[in-house]
Each structure stands twice: as structure tokens, then as C-alpha cells.
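Step one of this worksheet: look at the structure below.
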């Protein structure tokens, strides 16, 4: 008669210094280094086999016994089932699901494509995924997700940020399409969600375009009592027609103040990737009015020893915050009426509408760095119509000075 093995107690497991047996094939293997490992001995197809149940105390005595009973039930139910092979299959499935989880695929997609994006765009794409998507569906295999799973995430976002919900939907769609291409998903489920979210609001960057109001804004900027670098950025914003990111990331190496020119590498401009590739190595030339040169000359005495024209408040190794100008405008009382990006719309509208200015639209568009092309479909180069653009930039700067001192600004033609 085989020797009867008494079940182990928790105290025996805790104090075990050598291998001890619990019965039914379960035992605790104690290694020379003191590790305690649960093992289960069983026979399959006439051969002795061994199954690992994990280590103690991570796997308790009760847990180990439960795993033993599960394995014995499999053997009793079907003699053709090997518990060891079932365990291997479960592990393989777990690994596959983990490697193909939505978060894993999304981060892989982000790592692959983010080097071609702007720094801020790459940051916000990942930030929104981490904030809204990963906590909800990040751990689930992307192949198991369906349209309803995505919609639940988007509807929760829509409750607090409707516009963000649309942006997140677009990003999730890109991740799905990437997964389809790599064989980890069958389709992009966001395509089925058309019309499920509130329509996107057609918002534009707030901008002041009435000359009388522009005059008040310019006077307010002159009276701004914040930091000197932010004040200079505010004063320069209406004079250069640039996007906020292009302005705040300005580097002193891009300027030739003697020639009154600012040459910005195309790679640093916010343009479509196709246009950047088409114009790779070129620079966007910004003729500087004498007023702009004067602002930069004064600022150079303060920040000229560093890389950035407008360094950050905490470190000179980075440009100033992307919120600095908007925050300043809000402090000045222009929240909801004017933004850093709005200076472009101000120039575009007033230059075209005011009779005493009324510059050709293609000159304005070219200076705005829009995709202006000639009759043959070719993009104009950096020196196209440069004399006219220099004249426009100086006349525009002079006009803004006139607005500050005139009691009544010149009315818009369209308003008249």
C-alpha cells in the first residue's frame, strides 16, 4: 500500500527548508538558494510529467491546490488532454494578447510615425491616448475590439470635450489601420461611427480685423507690463505674419538684421509633409520692416547669447511656452477676441480690405507661407516678388504705427 501523505499546513509551508509533499502529485520544491516552487507530478500517455504552478508566497497553498484540482479535472474529463500543453497554450495566448493589446499597437504606431510630426503634435496625440483611451481599452487585444467599444470611449470624451472626441476618433482610426496593415486587426471600426458624435463646430482662431480695434490692440501691447521677452513676441507678432509656433521657436541663427531678413528653414514651418518634401532644404524668407528690426535689435542684447530669440522662463534651452502669448492677450482683456494665431488673420484681412493698403492677394498669401503656385503649378521660390513683399511688410508696419496715433482709424472698404 502506498504511503499516505498528510496535507501540508500553512505553517509547514512557511517553515519548509527542504522539499515537502501535499499529496495528489502536488509538492513544494525548495531550491538550494531557498526559493520555494510549486510543482505538480502527473502521468500522461503512460509517461511521468511535471507542471509548474509558480512560486511561494506569490502562489499560496490554497491557490496551488486549486491549480492541482483543475489539472486533475482535465485529465479525468478527457485522457487526450495534457494539462501541460493546455498551460503552454494559455501562456502563448496571454503573450499574444499582450503583444497585440491596443496600447502596445498604438505606442508602436506612435513611435514609428511621430518623428515626422511636429513636437507638439506628437505630444498631444500620445497625451490624449494616455488620458482617454488606454485606461478604457488599452489592455484589450486590438483584434477583439469593435465599433461599440470605441464609441463608448468617444461618448465619454464627448461629455467633457466634444472637439477632442473627434480628434481621438481620428487617431484611433489611424491605429486600427496600422494594425490592419500588420495583420493584427481585420478592419478600422471607426469607419462605422460616422454620425455618432455631435457635428464638429466650425471654429476659427479669434481675430480682430476692424482697424479701430486693431489700433486699441497695438496700444494695449505697447502698455503690456509682463516679461520683456513676451512683450517683444507680442510686438513682433503682427509684423511677421507667422504661425505662433514658428515665431516662439525662432533662433538667432536664422536672422540677418543688417539685411532685414528672417530665413526660416522649411522643416520648421507648419506645412504639409508633401510641401516640406517638395521644398526640402529651402527657407521661408520674411522681410523685416524697420520696426521689427528695432524690436529684435533691442531683444538681442538680452537673449542674443543663447539659441532662442524667445527663451523659456525656466530654461534658456527651450523656447517660451506655446501658451505665453495667448495668456498675455487674456491678461490684456482679449480672451475670446484675439489669439496668437489671429494676428495672421488680422494682417490677411486688413491688407486686402483697407483701400490705402489693398495689396495683391497672391503677395499676401505668399508671405503667409500658404501654398501659392504659378500658372504652371509650381510653388513660388523664396525670392518671388520679393521687392513687392518688402514694400508690403514696411507699409503694413507703418500703417500699424499710424493706427496707434490716429484718433479715427481708416474704415474697411467692405464696411463702407
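The values are calculated or read from the model by the stated rules, or taken from the named source; none is laboratory data. Treat the numbers as computed from the prediction; the structure is a model and nothing was measured. Note that we place each Cβ from the backbone using ideal geometry, even for glycine, and neighbour counts take in every protein chain shown.
Close Cβ contacts (under 8 Å, 6 or more residues apart or on different chains) running from residues in segment 4-17 that are under 16 Å from residue 63 (Cα atoms) to residues that are at pLDDT below 85 and in a loop (DSSP other than H, G, I, E, B) are absent. Condition check for residue 216 on (1) within 28 Å of the chain's Cα centre (by Cα); (2) outside the structural domain of residue 134 (by TED's automatic domain parsing): one failure, at (1).
Only one entry of 288, 247, 234 meets the criterion of being touching a helix residue (DSSP H, G or I) at 6+ places or on another chain (Cβ under 9 Å) and over 25 Å from residue 384 (Cα atoms), and that entry is 234. Listed conditions (1) over 30 Å from residue 146 (Cβ atoms); (2) in contact (Cβ under 8 Å) with a residue 60 or more places away in the chain are all met by residue 225, apart from (2).
Of the helices (runs of 4 or more DSSP H) that lie entirely inside segment 311-377, those containing 1 or more residues that are over 28 Å from the mean Cα position of the chain (by Cα), surrounded by 13 or more Cβ atoms within 10 Å (Cβ to Cβ) and modelled with pLDDT under 85 span 342-353, 361-367.
The one condition from (1) crowded, with 16+ Cβ neighbours inside 10 Å; (2) free of Cβ contacts under 8 Å to residues at least 60 places away in the same chain; (3) in the same structural domain as residue 342 (by TED's automatic domain parsing) that residue 242 does not meet is (2).
When each of 190, 209 is tested for being touching a helix residue (DSSP H, G or I) at 6+ places or on another chain (Cβ under 8 Å) and not in a helix (DSSP H, G or I), the lone residue that passes is 209. Residues in segment 252-290 that are outside any strand (DSSP E or B), at pLDDT 90 or above and surrounded by 18 or more Cβ atoms within 10 Å (Cβ to Cβ): 260, 288, 289. Return the residues of segment 307-339 that are touching a residue at least 40 places away in the same chain (Cβ under 8 Å) and touching a strand residue (DSSP E or B) at 6+ places or on another chain (Cβ under 9 Å); say none if nothing qualifies. If the condition is that a residue be touching a residue at least 40 places away in the same chain (Cβ under 8 Å) and touching a strand residue (DSSP E or B) at 6+ places or on another chain (Cβ under 9 Å), then 307, 308, 309, 310, 311, 319, 320 are the ones that fit.
Residues in segment 22-37 that are buried (at least 16 other Cβ atoms within 10 Å of the Cβ) and either more than 49 Å from the chain's Cα centre (by Cα) or at pLDDT below 85 (or both): 8 in all. The residues in segment 282-306 that are closer than 30 Å to residue 395 by Cα and without any contact (Cβ under 8 Å) to a residue 60 or more places away in the chain can be counted, and the count is 6.
Listed conditions (1) in contact (Cβ under 8 Å) with a residue 24 or more places away in the chain; (2) in contact with a strand residue (DSSP E or B) (Cβ under 8 Å, 6 or more places away or on another chain) are all met by residue 21, apart from (1). Here residue 206 clears all of (1) in contact (Cβ under 8 Å) with a residue 60 or more places away in the chain; (2) out of contact with any strand residue (DSSP E or B) (no Cβ under 9 Å at 6 or more places or on another chain); (3) assigned by TED's automatic domain parsing to the domain that holds residue 307; (4) more than 17 Å from residue 291 (Cβ to Cβ) except the condition numbered (3).
Being at pLDDT below 85 and under 15 Å from residue 68 (Cα atoms) is the filter; apply it to segment 5-21 and report the residue that is surrounded by the fewest Cβ atoms within 10 Å (Cβ to Cβ). The residue in question is 7.
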